[in-house]
Amino acid sequence: QVQLVESGGGSVQAGGSLRLSCAASGRTFSTTVMGWFRQAPGKEREFVAAISWSGSNTYYADSVKGRFTISRDNVKNTLYLQMNSLKPEDTAVYYCARNLRRVTNSPTDYDSWGQGTQVTVSS
């Protein structure tokens, strides 16, 4: 199945921006829903954003609406998460994941995961 590799994480000051990328291998990328999740130390993995196969349908967690933008380039087999106006509470390991069917916010609906990339926001 598809392999996912995240990149673009780093350390930034509050109010700064980062763009995360998720490179996918395999021919099925363009026909699947993709999502971003994050997990902070001692916390449950939580939904961030998801996008349909065509890119026309997106869904965001309330905590990131207006600040984060999810997008995909099916020609390059790459998923993106543009993160603006970052806050210390955004600090977490960010994961990209594949959903075989629907745009949802549940981790159990995603069957393939990347290794994650660390995002640290300092005040």
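The values are calculated or read from the model by the stated rules, or taken from the named source; none is laboratory data. Just so it is clear, the model here is predicted, and its values are computed rather than measured. Neighbour counts are summed over all protein chains in view; Cβ atoms, including those assigned to glycine, are modelled from backbone coordinates with ideal geometry. Surface accessibility is based on the protein's heavy atoms, side chains included, excluding ligands, DNA and RNA. Shrake-Rupley method; radii C 1.70, N 1.55, O 1.52, S 1.80 Å.
Working with all protein chains in place, sort Trp53, Trp113, Trp36 by solvent-accessible area computed with a 1.4 Å probe, largest first.
Ranking Trp53, Trp113, Trp36 by accessible area, largest first, yields Trp53, Trp113, Trp36.
Given labels modelled 7 Å from the Cα in the Cβ direction, how far is it in nm from Asn105 to Ser54?
About 2.4 nm separates the two model spin labels.
Report, ordered by chain and residue number, the aspartates and glutamates lying within cross-link reach of Lys65, taken as a straight Cα distance under 15 Å and ignoring same-chain residues fewer than 8 apart.
Glu46, Glu89, Asp90
Provide the net charge surrounding Ala50, with neighbours chosen by a C-beta distance below 12 Å and charges set as Lys +1, Arg +1, Asp -1, Glu -1.
+3
With every protein chain in place, what's the accessible area of Tyr80 (1.4 Å probe, Å², nearest 10)?
Probe radius 1.4 Å; accessible area of Tyr80 about 40 Å².
So, in nm, how far is label Ala40 from label Ser11 when the simple model puts each one 7 Å beyond its Cα toward the Cβ?
Rounded to a tenth, the inter-label distance reads 1.8 nm.
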